[in-house]
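For reference, the structure discussed in these notes is given below.
The values are calculated or read from the model by the stated rules, or taken from the named source; none is laboratory data. Source: prediction; values computed, not measured. No Cβ is skipped: glycine too gets one built from the backbone with ideal geometry, and neighbour counts run over all protein chains shown. Keep in mind that these areas ignore ligands, DNA and RNA; they rest on the heavy atoms of the full protein, side chains included. Shrake-Rupley method; radii C 1.70, N 1.55, O 1.52, S 1.80 Å.
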Amino acid sequence: MAELATYEGAATIEKVASLCRRRGFVYPSSDIYGGLGSAYDYGHYGVLLKQNVKAAWQRSLAQERDDVVLLDSTIILNPKVWVASGHVGGFSDPLIDCRTCKQRFRADHIATAQCGKRPSKPPGGTPDCDLTEAREFNLMFETYLGPMHETADKVYLRPETAQGIFINFKNVTSSLRVKPPFGIAQIGKSFRNEITPGNFLFRTREFEQMEMEFFVPPGEAQHWFEFWVNARRQWYLDLGLRESHLRVRAHDVDELSHYSSGTSDLEYLFPIGWSELEGIANRGDFDLRAHAEHSGTKLEWIGQDERYVPHVIEPAAGADRAALSFLVDAYDEEEVGGEPRVVLRFHPRLAPVKVAVLPLVGKDEGLVGKARPLYEDLRRAMSAEYDDSASIGKRYRRQDEIGTPWALTIDHQTLEDDTVTIRDRDSLAQERIPIAGARELLLDRLEQPWHPRP
Ligand code: GAP
């Protein structure tokens, strides 16, 4: 299949951000105070969506495998961790300031950046531009432990969840039944003082990561690297991302991080172009050796007749960036019966709400008497919503815009034969099903494979 050059579909980052705000997925943070650059708060549906993304990740890694265990380490670690990991010395981006327009640019992105003056040119492109030399700018947020702001108390908000895993290697191997190859997976917030955040949830300064460190015998590293590149690619496809918009890109040698002997990015074709969704790195024994050296604690695997420092394969994903890719991929516009329809065609397992229960006439006691018990039964098993306001058409549109895959409508026939119509978000097909089997039918559909539109 020839690779696409530009995003195909109705989505733009702006349209998705606007829908997210209008429908209660994501709001600009600190809105009433004028916002805070590139920071976002998740509303009700956004919380549910991101929870579903994280749950799907955890399910595929920990629940459906027997060689991965979980961890939740602290955000603030002993600062020596970041010296050993190389972050204090080297987690920086080259920064250039313009003394005239006061804009800041990443030196490695300057060719594609826009100068602050109008008409916009690349920085340095106008006679007024007055650029500084590039300086290294460390991306770690600093804070202080305790009341005294003294150098000795300086700590960092973690810029990745990975290091919390490496420093727990000994705890995990001595307390749980694990043996290489095995993984430790962690979901949690990370913080980077990005010079150029932007594109909505794509790059923010506070974000959530989903990382796994998979510890393997050194001779098996290449095998497991390839395994995890394929497995992680398949995870996105199984959750509905269009295959035409997903690719694997191996890093060139000069792109590799200091710890990596091989990295492949999974890239998604966002409306802003092909961009990193997740990185899978072969970190070798860099981290365990570095922490062993700096802490004085041996970090190795000791088996019956073997002893070695495992190598590490790391699939490192972002929960917010993954959620953005699912939002963008799901976003669609079409015309139905002469009316425009915006719909989020989420995989049902990712959809914030699985089913809406809609009495055809909200004030009809007979219909409500059937609809409420059905809703209360369904919500025990899945995220469900009851809506008896506005016309049925408006209620369908609202559910389409939050991506609810199924709507159950209770009408006058329900009073006669205890059946309801089930409306499919994507095909708009409606069929009658008995109320008694509705819950099992939906639970069964949630387990079925699902395919995005062609
Ligand atoms: N431990 C390796 C590591 O952190 P990374 O490529 O820097 O690797 C992994 O980050 C993933 O975390 C990225 O692929 C992306 O999904 C997410 N991520 C990184 N920086 C981010 C940011 N500023 N905003 C949102 N997501 C980010």
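Could you list, in sequence order, the residues of region 224-256 that are of a type outside the set (Gly, Ala, Ser), within 18 Å of Glu8 (Cα to Cα) and assigned to a helix (DSSP H, G or I)? Residues satisfying the conditions are Tyr236, Leu237, Glu243, His245.
Listed residues Arg59, Arg104; which is open to solvent by 40 Å² or more (accessible area, probe 1.4 Å) and closer than 30 Å to Ala384 by Cβ? Only one candidate qualifies: Arg59. Looking at the structure I just gave you, is Asp254 within 30 Å of Cys115 (Cβ to Cβ) and away from the ligand (no atom under 14 Å from the Cβ)? It is true that Asp254 is within 30 Å of Cys115 (Cβ to Cβ) and away from the ligand (no atom under 14 Å from the Cβ). When you scan region 158-178, do you find a residue that is assigned to a loop (DSSP other than H, G, I, E, B), more than 10 Å from the ligand (Cβ to nearest atom), in contact (Cβ under 8 Å) with a residue 60 or more places away in the chain and over 25 Å from Leu288 (Cβ atoms), even just one? The answer is no, given that none of the residues of region 158-178 is assigned to a loop (DSSP other than H, G, I, E, B), more than 10 Å from the ligand (Cβ to nearest atom), in contact (Cβ under 8 Å) with a residue 60 or more places away in the chain and over 25 Å from Leu288 (Cβ atoms).
The strands (runs of 3 or more DSSP E) located wholly in region 48-155 that include 1 or more residues which are in contact with a helix residue (DSSP H, G or I) (Cβ under 7 Å, 6 or more places away or on another chain) occupy 68-71, 92-97, 142-144.
The condition (being under 20 Å from the mean Cα position of the chain (by Cα), under 30 Å from Glu401 (Cα atoms), assigned to a strand (DSSP E or B) and modelled with pLDDT of 95 or more) is satisfied by just one residue among Tyr7, Tyr27: Tyr27.
Checking the structure you have, find out if any residue of region 201-219 is in contact with a Cys (Cβ under 9 Å, 6 or more places away or on another chain) and near the ligand (Cβ under 10 Å from one of its atoms). Yes; the residues of region 201-219 include at least one that is in contact with a Cys (Cβ under 9 Å, 6 or more places away or on another chain) and near the ligand (Cβ under 10 Å from one of its atoms).
The condition of being among the acidic types (Asp, Glu), away from the ligand (no atom under 16 Å from the Cβ) and modelled with pLDDT under 95 holds for only one of Asp305, Asp332, Asp377, that being Asp305. Within region 10-46, the set of residues being among the aliphatic types (A, V, I, L, M) and closer than 29 Å to Glu335 by Cα comprises Ala10, Ala11, Ile13, Val16, Ala17, Leu19, Val26.
For region 179-200, the tally of residues that are out of contact with any Pro (no Cβ under 6 Å at 6 or more places or on another chain), within 13 Å of the ligand (Cβ to nearest atom) and part of a loop (DSSP other than H, G, I, E, B) stands at 7. Residues that are assigned to a loop (DSSP other than H, G, I, E, B), open to solvent by less than 40 Å² (accessible area, probe 1.4 Å) and more than 16 Å from the ligand (Cβ to nearest atom) are absent from region 391-401 altogether.
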